[in-house]
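**Q** Pasting a structure here, questions to come.
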Amino acid sequence: MISIKNVHKRFGKLHVLKGIDAQVSEQEVVVIIGPSGSGKSTLLRCINYLEEPTEGEIVVDGIPLTGEANINKVRAEVGMVFQRFNLFPHMSVLDNITLAPRIIRKMPKAEAETVALDLLTKVGLADKARAYPEQLSGGQQQRVAIARALAMRPKVMLFDEPTSALDPEMIKEVLDVMKALAEEGMTMVVVTHEMGFAREVGDRVIFMDEGRIVEEGTPEAIFANAQEERTRTFLSKIL
Amino acid sequence: MDFDIQLVINSFPLLLAGAVITVQITAISVGCGLFIGMFAGVARLSKVWPVKTLAAVYVDFIRGTPLLVQIFIIYFAIPLATGHRMDPFVAAVTACSINSGAYVAEIFRAGIQSIDKGQMEAGRSLGMSWAQTMRHIIMPQAFKRIIPPLGNEFIAMLKDSSLVSVIGFEELTRRGQLIIARTYGSFEIWLTVAFIYLLMTLTISRLVDYLERRYKIDDKH
């Protein structure tokens with residue numbers, strides 16, 4: 001579904017990604033972990049071209065990303081959930097979700113709203129359709145953001161530290177939605193510090209440090225039996 | 001010296017009529033300026049360099065030269081080149097619109113830049129183009145934020161429109177000059193003219209305050 005080949009990213013002199021190779025198969029849940037500044041968010045943002053790789057090739061669903069020419073088409077198939085939700089504050093929850101399907105998929109308003117209400121029910125917020133983002137808690141906003149991304153019927157969902165901006169008691173409600181999504185067979189790439197989630201939901205865990213993939217494997221292999229010293233040091237500090 | 005109150009009373013209707021014209025020319029100019037400025041402001045943020053450069057040259061040229069000189073160029077210099085005389089009203093509105101557009105462009109640019117970067121990213125990540133995201137997500141939010149500076153621009157233009165009196169266009173200031181030429185009542189008339197300007201600018205700033213408060217409440221929704 002996603003193929004990443006020798007991807008480098010430089011911000012001026014800063015070499016953030018130093019040759020990343022990775023594959024994500026259909027229906028796979030890949031969790032990327034690593035210390036801050038390891039390049040994991042940058043890598044995720046390269047997958048839908050919010051960051052343009054300096055070098056290397058990324059292919060999503062058979063389409064090589066080449067810039068503005070096809071990027072909107074690819075992005076419509078790739079949902080993204082941000083750390084800071086990024087809901088549109090001037091629109092109701094319902095309008096947040098229906099905007100893109102109506103504009104891009106040319107979906108009629110009534111149909112888009114039916115889809116949106118179904119998704120809101122799925123994330124447990126059917127009663128908030130008319131609310132505005134500001135009236136919702138962080139956890140609720142993030143669940144709306146997930147529904148907004150799902151409304152485009154994406155083939156892949158990218159999560160960029162989706163629970164890092166949340167109060168502790170709201171983290172679970174968001175993780176539960178993500179878990180349900182994974183169980184339905186959604187292909188997911190998740191950057192997170194939630195090791196419980198990585199262990200429980202992840203099919204594969206990638207550990208990154210200093211712009212490189214240090215180690216990857218099943219959650220059991222990484223958490224219980226890491227081969228690299230760097231991985232063990234990182235895990236010992238956070239577990 | 002005596003203050004001739006009778007002169008003020010007699011001239012007042014004529015001056016008020018001039019004030020109406022001042023408001024008209026200001027409203028039309030800021031209206032056109034809003035339109036020009038919206039595109040120029042967005043163009044300044046474009047990634048396409050000819051578009052960006054063109055907008056920057058326009059904004060810098062207009063903001064870097066006096067409005068009075070711009071009025072002279074449009075009313076005197078351009079007709080020399082084209083061979084067509086220009087109606088003072090058209091010249092006045094054209095000069096003020098082009099002038100206002102440059103200032104409004106900067107207001108729009110600042111307003112757009114004040115919107116969180118994540119909004120553009122969220123729009124783009126859903127597959128919307130830059131223009132679609134601008135139109136549906138960034139601009140509606142920017143509009144609310146730029147109401148106060150746009151109000152200030154309107155007030156500034158209302159006062160600066162007095163400059164078009166130099167091409168003989170009969171707005172408030174020019175009316176005052178003409179009455180003084182007839183009556184020599186310099187003191188009374190200029191004070192009255194100033195008072196009328198003050199009345200107009202105060203009214204507008206109150207109106208802007210009101211709009212700002214209303215949209216602040218609206219924003220909370």
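**Q** Among the residues of the range A:98-125 satisfying the criterion of being part of a helix (DSSP H, G or I) and open to solvent by less than 10 Å² (accessible area, probe 1.4 Å), which is nearest to the other protein chains (Cβ to nearest Cβ)? If you could, list the steps in order and put the result at the bottom.
**A** To start, the set of residues in the range A:98-125 that are part of a helix (DSSP H, G or I) comprises A:98-104, A:109-122.
Imposing the further condition that a residue be open to solvent by less than 10 Å² (accessible area, probe 1.4 Å) reduces the set to A:98, A:100-101, A:112, A:116, A:120.
Details: A:THR98: 11, A:ALA100: 4, A:PRO101: 9, A:ALA112: 13, A:ALA116: 13, A:LEU120: 17 Å.
The qualifying residue nearest to the other protein chains (Cβ to nearest Cβ) is A:ALA100.
**Q** How about the range A:201-239: which of its residues are among the charged types (D, E, K, R), out of contact with any Leu (no Cβ under 9 Å at 6 or more places or on another chain) and open to solvent by 60 Å² or more (accessible area, probe 1.4 Å)? If you could, list the steps in order and put the result at the bottom.
**A** Initially, the range A:201-239 is screened for residues among the charged types (D, E, K, R), giving A:203-204, A:209-210, A:212, A:215-216, A:220, A:228-230, A:232, A:237.
The next check asks that each one be out of contact with any Leu (no Cβ under 9 Å at 6 or more places or on another chain); those that pass are A:203-204, A:209-210, A:215-216, A:220, A:228-230, A:232, A:237.
Once the filter is applied, which keeps residues that are among the charged types (D, E, K, R), out of contact with any Leu (no Cβ under 9 Å at 6 or more places or on another chain) and open to solvent by 60 Å² or more (accessible area, probe 1.4 Å), the range A:201-239 yields A:ASP203, A:GLU210, A:GLU216, A:GLU220, A:GLU228, A:GLU229, A:ARG230, A:ARG232, A:LYS237.
**Q** Taking B:SER162 and the conditions (1) hydroxyl-bearing (Ser, Thr, Tyr); (2) surrounded by 19 or more Cβ atoms within 10 Å (Cβ to Cβ); (3) touching a residue at least 60 places away in the same chain (Cβ under 8 Å), which numbered condition does it fall short on, given that it satisfies the others?
**A** (2)
Table: residues versus (1) at pLDDT below 95; (2) part of a loop (DSSP other than H, G, I, E, B); (3) in contact with a helix residue (DSSP H, G or I) (Cβ under 8 Å, 6 or more places away or on another chain); (4) closer than 24 Å to A:GLY139 by Cα.
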site: A:VAL31; (1), (2), (3), (4): no, no, yes, yes
site: A:SER36; (1), (2), (3), (4): yes, yes, no, yes
site: A:GLY56; (1), (2), (3), (4): yes, no, no, no
site: A:ASN72; (1), (2), (3), (4): yes, no, yes, no
site: A:ASN86; (1), (2), (3), (4): no, yes, yes, yes
site: A:ASN96; (1), (2), (3), (4): no, no, yes, yes
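**Q** Just to verify a result, which residue in the range B:90-113, among those that are polar (S, T, N, Q) and out of contact with any Leu (no Cβ under 9 Å at 6 or more places or on another chain), is least open to solvent (accessible area, probe 1.4 Å)?
**A** Result: B:SER97.
**Q** Still on this structure, please answer the following. Could you tell me whether A:GLY139 is closer than 23 Å to A:SER41 by Cβ, more than 14 Å from the chain's Cα centre (by Cα), away from chain B (no Cβ under 14 Å) and not polar (S, T, N, Q)?
**A** yes
**Q** While we're on this one: Of the conditions (1) touching a residue at least 60 places away in the same chain (Cβ under 8 Å); (2) surrounded by fewer than 23 Cβ atoms within 10 Å (Cβ to Cβ); (3) among the aliphatic types (A, V, I, L, M); (4) under 29 Å from A:ALA131 (Cα atoms), A:MET91 clears all except one; give me its number.
**A** Condition (1) is where A:MET91 drops out.
**Q** I've got another one for you. Contact list please: Cβ distance under 7 Å, first residue in the range B:42-54 and on the phi > 0 side of the Ramachandran plot and open to solvent by 50 Å² or more (accessible area, probe 1.4 Å), second residue among the hydroxyl-bearing types (Ser, Thr, Tyr) and in a loop (DSSP other than H, G, I, E, B), pairs at least six apart or on different chains.
**A** Once the first residue is on the phi > 0 side of the Ramachandran plot and open to solvent by 50 Å² or more (accessible area, probe 1.4 Å) and sits in the range B:42-54, no partner that is among the hydroxyl-bearing types (Ser, Thr, Tyr) and in a loop (DSSP other than H, G, I, E, B) comes close enough.
Listed here are the residues, each with its yes/no results for (1) of a type in the set (Ser, Thr, Tyr); (2) surrounded by 13 or more Cβ atoms within 10 Å (Cβ to Cβ); (3) touching a Gly at 6+ places or on another chain (Cβ under 9 Å); (4) under 15 Å from B:ALA19 (Cα atoms).
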| position | (1), (2), (3), (4) |
| --- | --- |
| B:VAL166 | no, yes, no, no |
| B:PHE169 | no, yes, no, yes |
| B:GLN177 | no, yes, no, yes |
| B:ILE180 | no, yes, no, no |
| B:VAL193 | no, yes, yes, yes |
| B:TYR197 | yes, yes, no, yes |
| B:ARG214 | no, no, no, no |
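**Q** Checking the condition surrounded by fewer than 20 Cβ atoms within 10 Å (Cβ to Cβ), free of Cβ contacts under 8 Å to residues at least 40 places away in the same chain and farther than 22 Å from B:ALA55 by Cβ, which residue from B:ARG145, B:ARG206 passes? Even if it seems obvious, please write down each step before you answer.
**A** On the way: B:ARG145 fails: farther than 22 Å from B:ALA55 by Cβ.
Going through B:ARG145, B:ARG206 in turn, just one is surrounded by fewer than 20 Cβ atoms within 10 Å (Cβ to Cβ), free of Cβ contacts under 8 Å to residues at least 40 places away in the same chain and farther than 22 Å from B:ALA55 by Cβ: B:ARG206.
**Q** Considering each residue of the range A:23-78, count those that are open to solvent by less than 10 Å² (accessible area, probe 1.4 Å), within 14 Å of another protein chain (Cβ to nearest Cβ) and in contact with a strand residue (DSSP E or B) (Cβ under 7 Å, 6 or more places away or on another chain), and give that number.
**A** Of the residues in the range A:23-78, 7 are open to solvent by less than 10 Å² (accessible area, probe 1.4 Å), within 14 Å of another protein chain (Cβ to nearest Cβ) and in contact with a strand residue (DSSP E or B) (Cβ under 7 Å, 6 or more places away or on another chain).
**Q** Here's another thing I want to ask about it. Test A:GLN83 against the stated conditions and say whether it is surrounded by fewer than 21 Cβ atoms within 10 Å (Cβ to Cβ), closer than 30 Å to A:ASP167 by Cα, touching a residue at least 60 places away in the same chain (Cβ under 8 Å) and facing another protein chain (nearest Cβ under 10 Å).
**A** Yes; evaluated as a whole, the condition is true for this residue.
**Q** Follow-up question, since we're still on this one. For the range B:114-139, name all the residues that are closer than 14 Å to A:LEU87 by Cβ, open to solvent by 30 Å² or more (accessible area, probe 1.4 Å) and not acidic (Asp, Glu).
**A** B:MET120, B:HIS136, listed by residue number.
**Q** Got a number for residues in the range B:104-157 being within 11 Å of chain A (Cβ to nearest Cβ), in a loop (DSSP other than H, G, I, E, B) and more than 22 Å from A:LEU158 (Cβ to Cβ)?
**A** Residues meeting the conditions: 1.
The values are calculated or read from the model by the stated rules, or taken from the named source; none is laboratory data. A quick note: this is a predicted structure, and the numbers were derived from the prediction, not measured. For neighbour counting, all protein chains shown are included, and Cβ atoms are generated from backbone atoms with ideal geometry for every residue, glycine included. Just the protein is used for accessible areas: all its heavy atoms, side chains included, with ligands, DNA and RNA removed. Shrake-Rupley method; radii C 1.70, N 1.55, O 1.52, S 1.80 Å.
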